[in-house]
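Provided herewith is a single structure, encoded as structure tokens, for subsequent inquiry.
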Amino acid sequence: MRLAWIEVRDFRSYSEAALEVEPGLTVVVGSNGEGKTNLLEAMYYLCALESPRVRNDLPLVRSGASSAFLRGELEAGGGRFLIEVEVRASGQNRVLINRSPVRRKRDLRRHARAVFSGPDDLHVVSGEPDERRRFMDEAARGLWPLKEGVPAAYERALRQRNRLLKDWEGGPAPQGLDAWDAELVARGSELTALRRSAVQAVAEPAAREFGRLSGDRLVVGYAPSVEGEPVEAAFGARLAERRPEELIRRTTLVGPHRDDLALFVQGLAARGFASHGEAWGAAVSLRLALAGAVRAVAGESPLTFLDDPFSALDPERRVRLAAGLGDRGQTLMAVPDEAQVPAGARVWYVKGGSVGTS
Ligand SMILES: Nc1ncnc2c1ncn2[C@@H]1O[C@H](COP(=O)(O)OP(=O)(O)OP(=O)(O)O)[C@@H](O)[C@H]1O
Ligand SMILES: [Mg+2]
């Protein structure tokens with residue numbers, strides 16, 4: 001998979017930029033705040049139709065403008081896709097592929113695969129379980145874009161069921177609760193299976209990446225809210241068991257909204273025990289593993305984005321991480337210091353809203 005070129009207008013700090021993107025590794029170099037992450041974000045957005053760092057699109061539109069425009073050409077699966085996106089500060093965005101409107105994001109995402117690693121990923125390792133659930137869902141979506149509706153379907157069932165429990169005025173159990181139990185179990189079992197597959201796909205490659213980076217051991221495993229097979233039966237049984245407590249607390253206590261991703265570094269839980277550099281090493285290993293897993297299912301490497309991957313690493317680990325970056329397919333990396341540019345990489349310099357090669 002290769003992004004051949006990109007044009008950016010009124011996106012973040014960029015009023016206008018046009019870039020040809022070479023295969024292999026390109027490194028974006030610039031001081032803090034000059035627009036390195038913004039540029040990576042623009043390229044990622046063109047493939048994923050969402051930002052890796054904000055949930056809502058408003059901050060993507062250059063302050064003072066009403067829309068941001070991204071255009072670019074992607075070569076994937078033997079085809080060429082001209083992708084054109086208008087990101088509107090308010091209202092629906094417009095997306096065209098080869099000049100035809102696209103309604104569903106997955107229509108693009110099944111062709112344009114991209115994996116983004118950035119400083120916020122530290123939370124996947126050190127933050128609350130919801131960060132790790134999000135990682136699992138992003139991984140699943142990256143691997144199997146056609147299943148991207150599964151987490152949202154569960155969320156909807158969960159919200160409805162919780163509303164029923166909240167609005168209940170006492171007396172016999174809320175009317176319709178059994179039906180919502182069935183829906184929750186159906187959608188939840190689907191999500192459990194999807195997350196299990198996603199974790200399976202990244203666990204071994206992540207251990208390998210981490211081993212290569214640090215010489216240490218990373219163990220990755222799925223820690224589902226509901227254990228036992230078949231999942232539907234186990235989930236239903238746990239739900240029945242906890243119902244009295246749910247009626248008191250008026251919220252759903254069982255299900256994948258309580259899942260976690262288990263991460264152990266050198267035998268200790270990463271969250272709480274890992275050092276800053278170890279935690280970051282695990283975070284970047286998880287993303288690199290995801291890129292490898294996507295390559296395995298898609299048959300070609302996704303676009304890989306590495307935003308400031310070296311900052312928490314010691315010199316030896318920096319060298320080890322840099323060593324493998326040349327042969328991971330098209331890779332875009334941002335670093336604040338030219339000394340961090342691996343030998344042989346192409347360099348883009350960003351300064352004051354413009355990008356140059358010298
Ligand atoms: N919508 C926007 N309109 C105008 N400027 C913006 C917008 N969003 C962000 N910026 C500006 O972009 C700059 C940040 O750019 P970016 O995050 O790409 O920096 P960076 O080069 O990655 O820096 P660092 O090394 O600190 O990570 C900030 O100065 C911010 O004010
Ligand atoms: Mg940045």
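The values are calculated or read from the model by the stated rules, or taken from the named source; none is laboratory data. Computed from a predicted model, the values in this text were never measured in an experiment. For accessibility, only protein heavy atoms count, side chains too; no ligands or nucleic acids. Shrake-Rupley method; radii C 1.70, N 1.55, O 1.52, S 1.80 Å.
Would you mind checking the tilt of helix 276-298 against the longest principal axis of the Cα atoms of the chain, expressed as 0 to 90 degrees and rounded to 10?
Its long axis makes an angle of about 90 degrees.
Right, next: Could you work out the equivalent-ellipsoid semi-axes for the stretch 199-343, taking the square root of 5 times each eigenvalue of the Cα gyration tensor, largest first, in whole Å?
Sorted largest first and rounded, they come to 37, 17, 13 Å.
Given the -39500 (n - 2.57) contribution per DSSP H run of 4+ residues, what per-residue ellipticity at 222 nm results for the chain, rounded to the nearest 500 deg cm²/dmol?
Mean residue ellipticity at 222 nm (helix-derived): -13500 deg cm²/dmol.
Still on this structure: Which far-off residues, 5 or more places away or on another chain, put their amide H under 5 Å from the one on LEU306, with H placed in the peptide plane?
Sorted by chain and number, the residues that satisfy this are SER117, LEU332, MET333, ALA334.
What accessible area per residue comes out for the stretch 231-358, rounded to a whole number of Å², with a 1.4 Å probe?
That works out to 43 Å² per residue.
Follow-up question, since we're still on this one. With no solvent and one point on each alpha carbon, what is the Debye value of log10 I(q)/I(0) for the stretch 192-251 at q = 0.14, 0.19 Å⁻¹?
So the normalised log intensities are -0.58, -0.76.
Over the stretch 269-336, one equal point on each Cα, no solvent: what is log10 I(q)/I(0) by the Debye formula at q = 0.21, 0.23, 0.27 Å⁻¹?
Debye output, listed in q order: -0.92, -1.05, -1.26.
Give me the angle, in degrees from 0 to 90, between the Cα long axis of helix 129-143 and the longest principal axis of the Cα atoms of the chain, rounded to the nearest 10.
Once rounded, the angle reads 70 degrees.
Now a separate question. Would you please give the residues with an amide H less than 5 Å from that of ASP260, counting only those at least 5 places away or on a separate chain, with H modeled from the backbone geometry?
Long-range HN contacts for ASP260: ALA223, SER225.
Show the residues, 5+ positions off or on another chain, whose built amide H is closer than 5 Å to the amide H of TYR349.
VAL29, GLY356, THR357, SER358
Leaving ligands, DNA and RNA out of it, report the carbon-plus-sulfur percent of the accessible area of the chain at a 1.4 Å probe.
48 percent
Sticking with this one: Measure nothing but the geometry: give the 0 to 90° angle between the long axis through the Cα atoms of 150-167 and the longest principal axis through the Cα atoms of the chain, rounded to 10°.
Rounded to the nearest ten degrees, it is 40.
In square nanometres, what is one fourth of the surface area of the convex hull spanned by the alpha carbons of the stretch 102-165?
5.7 nm²
Assuming a ≥ b ≥ c are the square roots of the Cα gyration tensor eigenvalues, decide whether the stretch 93-215 counts as rounded (a/c under 1.5), prolate (otherwise, with a/b larger than b/c) or oblate.
Because a/c hits 1.5 or more and a/b fails to exceed b/c, the stretch 93-215 counts as oblate.
If you don't mind, there's one more thing I want to ask. Return the sequence-ordered ³J(HN,Hα) values of the stretch 98-105 in whole Hz as given by the Karplus equation 6.51 cos²θ - 1.76 cosθ + 1.60 applied to θ = phi - 60°, using x for Gly and Pro.
With the stated coefficients, the stretch 98-105 comes to 6, 6, 9, x, 10, 8, 10, 4 Hz.
Is the stretch 1-120 best put as rounded, prolate or oblate by its Cα gyration tensor, with a ≥ b ≥ c the root eigenvalues, rounded for a/c under 1.5, and otherwise prolate when a/b is larger than b/c, oblate when not?
Judged from the Cα gyration tensor, the stretch 1-120 comes out oblate (a/c at least 1.5, b/c at or above a/b).
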